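The values are calculated or read from the model by the stated rules, or taken from the named source; none is laboratory data. Everything numeric in this text was worked out from a predicted model, so none of it was measured. Cβ atoms come from the backbone with ideal geometry, glycine included; neighbour counts cover every protein chain shown.
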Amino acid sequence: MREKIPPIAKKAGFKERISALSNLPAFFKLVWQSSPQKTFFSFLFRIVRSAMPVALLYVGKLIIDQVVHLSGQGEGTDHTYLYQLIALEFALAITTDALSRITSLLDSLLGDSFSNYTSVKIMKHAATLDLEQSEDAEFYDKLERARQQTLGRTMLLSQAMAQIQDIISMAFLVTGLLAFNPWLIVLLVVTILPSFIGESYFNNQNYSLTRSQTPERRELDYLRFLGASDETAKEVKIFNLGDFIISRFKRLSDQFYKDNSQLAIRRSLWGTFFSMLGSTGYYAAYVFIIIKTVNGTLTVGDLTFLAGSFRQLRTLTEGILLRFTTISQGAIYLTDFMEFFDIMPVMQVSKNPIPFPRPIKEGFTFENVGFKYRHSDNWANRHLNFTLHPGETLALVGENGAGKTTLVKLLARLYEPTEGRILLDGTDLKDYDPDDLRLNLGVIFQDYLRYQMTLSNNIAVGNITQQDNVELIKAAAKASTADALADKLPLHYEQTLGKRFNNGVELSGGEWQKVALSRIYMKEAQVLILDEPTAALDARAEYEVFQRFSNLTKGKSAVLISHRFSTARLADRILVLDKGQLLEIGTHEELLAQNGRYAELFNLQAKGYQ
């Protein structure tokens, strides 16, 4: 774990921000797809709202000029026109407020729609990627950045629409000022431009810092989980890890605070200076307009209109320039979002996949299969040559790290061989539909998930298409002996498992394993793969499981990964792995007669029971 956040690794200059604007069309398309109706009306109401500022200012000018005119007319003068102007200004003010509230409401609803839509889109895309990709740290950094965009990027749409709204409002206000004195526009730009440049610079620094912190933020979240979780509480207490975790968290979070606060302080100081510069420009223009009014060149109504126009134009111009920085910066963040969807699976699905054979006739054949993980120079498996015959049970034996689990992941086509090929009935596994392949495989890994869901759902994940098939779920529970567990739970099959949610019930390791084992009975799989299926069970429970399992595997192929030789000897053949390579293969008796690695390991374990 790194103790110090690395220096800013990636900067986004002006060219990069301009280039990033090319992400906006794809972003708008996503927003539109999430809710076409809300997107349309949000845009429409903003356009109408854009005309309100200049309309209010102009009506205000007419009211003041009318008041000045009437003040010199004496009693009996008709005030109808004045009251009409006041009523019009009131209507415009009410409409402006209503439009602002409506657009805020639409933006909020649209934000929720977009967040939900993109979250589903991320999950769907993640599901299409290879297992090996999901196990890569770089992938997780991109996934984390993509997730962050689902929450904050809806503001980008609001900012873009607000930009259009303000530009239209600005066009009306500029027309009035240009007619009076074009130099006021020049003064306005000169006083606001430094603020725009400053904000652009600090937004760039903030983006660079945030991006460089992604791995460390994941570490921070992990430490937060370790320090305050029911899943880790037992070991944290028994090993007295509290102070250790807290100190590492504090060291990392303090570094975050230091880097972020330094940037925030510099941004605040420069922002104050640029704001003072803008105010100076505004009041210079204001004094100029007052002098013209005092000299009689302008009316009092003109004074209010021009002063108000210049003030609002200054605010709008500053907002547009700063918002451009924010929008372009947001577009750069969108790059993180789009980059995730640019990740494509390495394993390709055949354009014309063939159906899984029913039944299997020749079995699975490994022909000089080798596999190495991404960014690794070491082979996890190498020179694998063997056949899993139809109806055969094959046990994989070897020390930890021998490549047993990697081998079965290759068999299930969760990984693609780096070299060699795997055949099923003489045809390359690549030519089969992977979904059809996995439908015919029943796999339970040692690190199975403990879903914080009902017992029924925990079992149904073995074949989620049958989640409403109550009889099948109960039959699967009975086959794994999890039915006895269901009987003693308060809500039986509808009992929520785990402590994450209210009224959840935590299970023991052995009980969880029975639940996991029941998943393999949820479908008529032709090949069963069990990775340490009885590691958390006692001897009696293990015996009961394998009595049932031996019946289930009749006529089917099966692969067992186990450190218990009492389990391995139940197999028709045993494959011994060493450093990823096939060392020995044969029956229990044949391997004992060879007096090789299997015999050595078997005898070592046998001594432990003497």
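If you scan the stretch 579-596, which residues turn out to be buried (at least 16 other Cβ atoms within 10 Å of the Cβ) and not aliphatic (A, V, I, L, M)? The answer is 580, 581, 584, 586, 588. If you check 394, 424, 411, 388 for being more than 30 Å from residue 600 (Cβ to Cβ) and crowded, with 19+ Cβ neighbours inside 10 Å, only one passes: 424.
Cβ separations smaller than 6 Å between residues 6+ apart or across chains give no pair from the stretch 432-447 residues that are without any contact (Cβ under 8 Å) to a residue 12 or more places away in the chain to residues that are surrounded by 19 or more Cβ atoms within 10 Å (Cβ to Cβ). Only one entry in 599, 606 is surrounded by fewer than 18 Cβ atoms within 10 Å (Cβ to Cβ) and either closer than 28 Å to residue 417 by Cα or modelled with pLDDT of 85 or more (or both), namely 599.
Kindly indicate whether residue 403 is touching a Lys or Arg at 6+ places or on another chain (Cβ under 6 Å) and closer than 13 Å to residue 577 by Cβ. Talk me through it step by step, then tell me what you get.
Numbers: touching a Lys or Arg at 6+ places or on another chain (Cβ under 6 Å): no; closer than 13 Å to residue 577 by Cβ: yes.
Judged against the criteria, residue 403 is not a match.
Please give the strands (runs of 3 or more DSSP E) falling wholly within the stretch 355-439 in which 3 or more residues are within 30 Å of residue 566 (Cβ to Cβ), touching a helix residue (DSSP H, G or I) at 6+ places or on another chain (Cβ under 7 Å) and modelled with pLDDT of 90 or more.
Values: elements: 364-371, 381-388, 393-397, 419-424.
Fully inside the stretch 355-439 and qualifying: 364-371.
Over 29 Å from the mean Cα position of the chain (by Cα), touching a residue at least 40 places away in the same chain (Cβ under 8 Å) and part of a helix (DSSP H, G or I) - does that describe any residue in the stretch 246-269? Yes - at least one qualifying residue is present in the stretch 246-269.
Listed here are the residues, each with its yes/no results for (1) in contact (Cβ under 8 Å) with a residue 60 or more places away in the chain; (2) surrounded by fewer than 21 Cβ atoms within 10 Å (Cβ to Cβ).
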site	(1), (2)
455	yes, no
464	no, yes
486	no, no
490	no, yes
494	no, yes
504	no, yes
510	no, yes
519	yes, no
528	yes, no
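Consider the stretch 427-448 and keep the residues that are surrounded by 18 or more Cβ atoms within 10 Å (Cβ to Cβ) and of a type in the set (Val, Ile, Thr). The one that is farthest from residue 351 (Cα to Cα) is 444.
The set of residues from the stretch 70-123 being surrounded by 11 or more Cβ atoms within 10 Å (Cβ to Cβ) and assigned to a loop (DSSP other than H, G, I, E, B) comprises 77, 79. Only residues that are touching a residue at least 60 places away in the same chain (Cβ under 8 Å) and either polar (S, T, N, Q) or closer than 21 Å to residue 139 by Cα (or both) were counted in the stretch 313-330, giving 5.
Would you confirm whether or not the stretch 304-312 contains a residue that is of a type in the set (A, V, I, L, M), buried (at least 20 other Cβ atoms within 10 Å of the Cβ) and in contact (Cβ under 8 Å) with a residue 24 or more places away in the chain?
yes
With respect to residue 345, determine if the residue is modelled with pLDDT of 85 or more and either touching a Leu at 6+ places or on another chain (Cβ under 6 Å) or crowded, with 17+ Cβ neighbours inside 10 Å (or both). Don't jump to the end; show me each part of the working.
Values: modelled with pLDDT of 85 or more: no; either touching a Leu at 6+ places or on another chain (Cβ under 6 Å) or crowded, with 17+ Cβ neighbours inside 10 Å (or both): yes.
So residue 345 fails the test.
From 378, 368, grab the single residue that is within 21 Å of residue 139 (Cα to Cα) and more than 26 Å from the chain's Cα centre (by Cα). Don't jump to the end; show me each part of the working.
Working: 368 fails: within 21 Å of residue 139 (Cα to Cα).
None of the other options fit; the residue is 378.
Counting only residues that are more than 15 Å from residue 223 (Cβ to Cβ) and either acidic (Asp, Glu) or touching a strand residue (DSSP E or B) at 6+ places or on another chain (Cβ under 8 Å) (or both), the stretch 235-277 holds 1 of them.
Would you point out which residue out of 38, 29, 61 is of a type in the set (D, E, K, R), within 20 Å of residue 164 (Cα to Cα), modelled with pLDDT of 80 or more and surrounded by 12 or more Cβ atoms within 10 Å (Cβ to Cβ)? Write out each step before concluding.
Working: 29 fails: surrounded by 12 or more Cβ atoms within 10 Å (Cβ to Cβ); 61 fails: within 20 Å of residue 164 (Cα to Cα).
So the residue among 38, 29, 61 that is of a type in the set (D, E, K, R), within 20 Å of residue 164 (Cα to Cα), modelled with pLDDT of 80 or more and surrounded by 12 or more Cβ atoms within 10 Å (Cβ to Cβ) is 38.
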